[in-house]
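Take a look at the structure below.
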Amino acid sequence: MPPSDPLGSPVKTGSDIAASLDAHLAQPAVILPTGPGHPPHRMPEGPELHLASHFVNEACRELVFGGCVEKSPVSRNPEVPFESSAYSISALARGKELRLTLSPLPGAQPPREPLALVFRFGMTGSFQLVPSDALPPHAHLRFYTAPPGPRLALCFVDIRRFGRWDLGGEWQPGRGPCVLLEYEQFRENVLRNLADKAFDRPICEALLDQRFFNGIGNYLRAEILYRLRIPPFEKARTVLEALQQRRPSPELTLSQKIRAKLQNPDLLELCHSVPKEVVQLGGKGYGSESGEEDFAAFRAWLQCYSAPGMSSLRDRHGRTIWFQGDPGPLAPKGGKSRKKKSQGAQQGPEDGVEVPPSPNKAPSRTQRAQRGLPKQTTAQVPEGTSLQQDPEAPPVPDKGKRRRRKATSGRHRTRKIKADTPSLEPEGTSAS
């Protein structure tokens, strides 16, 4: 049997599953709208991976799969050497990864051990259950049901091909504890490692470091910082060091401690509770096929990310951070803050205007002293590990002008051209 949902999401059984499965299969694929008045389609973060695991467990709970696992010939991911006459599929999410377990049923042929795969969704990965004769485009891995009954296919669909899967079931080394399911270990891991160079960075960049914030992505960091009114470009260590001293009064009862935590959560507590809110929004499964009706609840839940009236800047990795008010002392020099107009206002092609004060000019030494802000530090070079920033983040091209070398002789120097190859990072890339 598949594992129960650790967050207590409602699970259907029996006839309810059959009815919801019929409704799911009958529902047409819908591309979620974007543009003025619509936030961009959220890329998979911790809550989306958890919802995906819930969808797989619910949709596949009473299904029997059989035969070989089929991989798209265009996918660069590994083949899945698994064949069984009858097996079940279950899923478990942890941070930004999902483990799919294929378990042969008793008496299945050939006899073999279960096989586990770990998926990272990149920008557009999702699971869909469809009739086998109506596979969606970009279904790069397919698991087919066994007869009798209509043949269905559980598909890993990935339009952009940034998603990956690995055989063996091991979580990616270096990822920290899951912000959703391993809160105490997550909190301890962050506070124990505040000397790490990652916390020299602005807090908005540190929140994408999957070694410490496994499951937090672009929209979650904006919502978390907004609720606490923390400037996104405040130094991460300055924000987090105060939490080391936070201890509840021993005179408080357990219920009083819980109430105090709910009424005045700190940043690490919100890294757990805000993703949990997204999971509890629910919806008809996971993926673009859930449609505008399901997406409306998520859009209504957003307070900051791509919301009217909010400002935005690109961080060092080219990711857009949405915020309100002062961006903070480590805001990128030369960056132009753009404020999103209200929905009723006329919107231009880029849906934004510059707002004062411009973060180009850093606060003076006197201003920093008056405001109690740390001294500005020079941005450091990334360590080179794929987990030091949210792996969805892109390498930012240098937009500066190239200097043309003067010819030293009558001959032109041969120019070497480097092929433009796609990123093979474990997860997708995006500048938004």
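The values are calculated or read from the model by the stated rules, or taken from the named source; none is laboratory data. Since this is a predicted model, take the numbers as computed values, not measurements. Here the Cβ positions follow ideal geometry from the backbone for every residue, glycine too, while neighbour counts run over all protein chains shown. Just the protein is used for accessible areas: all its heavy atoms, side chains included, with ligands, DNA and RNA removed. Shrake-Rupley method; radii C 1.70, N 1.55, O 1.52, S 1.80 Å.
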**OP:** Please go through the range 312-339 and pick out each residue that is open to solvent by 40 Å² or more (accessible area, probe 1.4 Å), in a loop (DSSP other than H, G, I, E, B) and touching a strand residue (DSSP E or B) at 6+ places or on another chain (Cβ under 6 Å).
**Re:** Lys336
**OP:** Could you grab me the full set of residues in the range 138-157 that are touching a residue at least 60 places away in the same chain (Cβ under 8 Å) and of a type in the set (D, E, K, R)?
**Re:** Arg142
Subject >> Scan of the range 70-85 for residues that are in a strand (DSSP E or B) and basic (Lys, Arg), ordered by number >> reply: Lys71
Subject >> Whichever residue in the range 194-206 is part of a loop (DSSP other than H, G, I, E, B) and more than 16 Å from Ala242 (Cβ to Cβ) and, among such residues, is most open to solvent (accessible area, probe 1.4 Å) >> reply: Asp196
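Listed here are the residues, each with its yes/no results for (1) modelled with pLDDT of 95 or more; (2) part of a loop (DSSP other than H, G, I, E, B); (3) more than 19 Å from Val278 (Cβ to Cβ); (4) under 19 Å from the mean Cα position of the chain (by Cα).
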site	(1), (2), (3), (4)
Gly67	yes, no, yes, no
Tyr87	yes, no, yes, no
Leu100	yes, no, yes, yes
Val130	yes, no, yes, no
His140	yes, no, yes, no
Pro148	no, yes, yes, no
Arg160	no, yes, yes, yes
Original post:
Taking the range 299-311 only, how many residues are touching a strand residue (DSSP E or B) at 6+ places or on another chain (Cβ under 8 Å) and not basic (Lys, Arg)?
Top reply: 7
Original post:
Which of the following residues is small (Gly, Ala, Ser), in contact with a His (Cβ under 9 Å, 6 or more places away or on another chain) and touching a residue at least 24 places away in the same chain (Cβ under 8 Å): Gly163, Gly174?
Top reply: Gly163
Subject >> From the options Phe212, Phe186, Phe233, residue that is assigned to a helix (DSSP H, G or I) and modelled with pLDDT of 95 or more >> reply: Phe186
Original post:
When only residues in the range 127-137 that are in contact (Cβ under 8 Å) with a residue 40 or more places away in the chain and either buried (at least 16 other Cβ atoms within 10 Å of the Cβ) or in contact with an Asp or Glu (Cβ under 7 Å, 6 or more places away or on another chain) (or both) count, which is farthest from Glu58 (Cα to Cα)?
Top reply: Pro136
Original post:
Before we move on, is Glu292 surrounded by fewer than 17 Cβ atoms within 10 Å (Cβ to Cβ) and at pLDDT below 95?
Top reply: yes
